[in-house]
Amino acid sequence: MELHPDELFSKFYENASTRKKKTLELINNACKKQSESDIKDFSIGTIARLIANDGGPSEQALRNKNAEDYRVLISQWAEYYKTTTKKPKKEKRTTVNDDILASISEPTTKALVGMLMAENKKLKRENSLLKEQTTFTIDMRSRNDLSKNKDVVIVEPSYNLTDTEIDALRNAISNEFLNHQGWTKDNYGRVKENGIQIYKAGYITAIQKILNKI
């Protein structure tokens with residue numbers, strides 16, 4: 001039967017000096033706290049940090065030769081909960097965008113989607129900054145009326161695309177790429193494969209409009 005850490009603590013505690021008893025109590029309580037958490041971190045550094053404010057020994061002190069009993073107690077807690085005294089690795093968090101990109105196997109489509117995601121993120125950030133900084137008045141007059149007024153400056157949308165991103169967009173709707181994929185396009189900007197719709201109406205035309213404004 002596996003020895004419970006509290007039993008080992010009692011054995012060490014029984015014949016320990018007053019100072020050592022205090023340190024054993026601090027370590028045992030810290031380990032018990034870690035055993036109740038979702039991430040059971042019994043690393044020497046973490047235990048040292050938890051007991052530091054109560055006057056416990058530093059990480060370096062716990063690694064010294066004369067601190068073997070303390071390390072054995074910490075190890076017993078770790079083994080009892082099926083882990084080690086090594087620092088647990090942090091789980092890599094993935095976003096929805098990461099999951100979407102990971103599901104796309106076609107390189108060009110993946111690059112295009114990634115670029116659109118980055119652009120969308122940038123525009124959202126800029127939009128948030130603009131909301132915080134100022135209030136805009138939208139002039140609903142026609143473009144021709146505005147052009148007659150020399151005091152009015154018409155600002156065209158800026159996509160701020162790199163040459164690589166522009167090439168990716170051009171390639172995504174090029175006849176060569178579509179033919180290679182076995183796809184066709186229609187006058188509404190749809191992309192199909194053997195009559196089955198791949199991209200909805202507006203896909204081709206939307207990208208063409210972006211390219212025309214660059």
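The values are calculated or read from the model by the stated rules, or taken from the named source; none is laboratory data. Note that the structure is a prediction, hence the values are computed from the model and not measured. Every residue, glycine among them, receives a Cβ derived from its backbone with ideal geometry; neighbour counts consider all protein chains shown.
Before moving on, here are some points about what is shown:
- Scanning the stretch 172-214 for residues that are under 18 Å from residue 113 (Cβ atoms), part of a loop (DSSP other than H, G, I, E, B) and in contact with a Leu (Cβ under 9 Å, 6 or more places away or on another chain) yields a total of 1.
- Unmet criterion (only one of (1) on the phi > 0 side of the Ramachandran plot; (2) touching a helix residue (DSSP H, G or I) at 6+ places or on another chain (Cβ under 9 Å)) for residue 114: (1)
- The sole residue among 129, 169 that is within 30 Å of the chain's Cα centre (by Cα), at pLDDT 80 or above and part of a helix (DSSP H, G or I) is 169.
- From 73, 101, residue being assigned to a helix (DSSP H, G or I), surrounded by 14 or more Cβ atoms within 10 Å (Cβ to Cβ), in the same structural domain as residue 118 (by TED's automatic domain parsing) and in contact with a helix residue (DSSP H, G or I) (Cβ under 8 Å, 6 or more places away or on another chain): 101
- Residue check, residue 116 hydrophobic (A, V, I, L, M, F, W, C), part of a helix (DSSP H, G or I), in contact with a Lys or Arg (Cβ under 9 Å, 6 or more places away or on another chain) and modelled with pLDDT under 95: no
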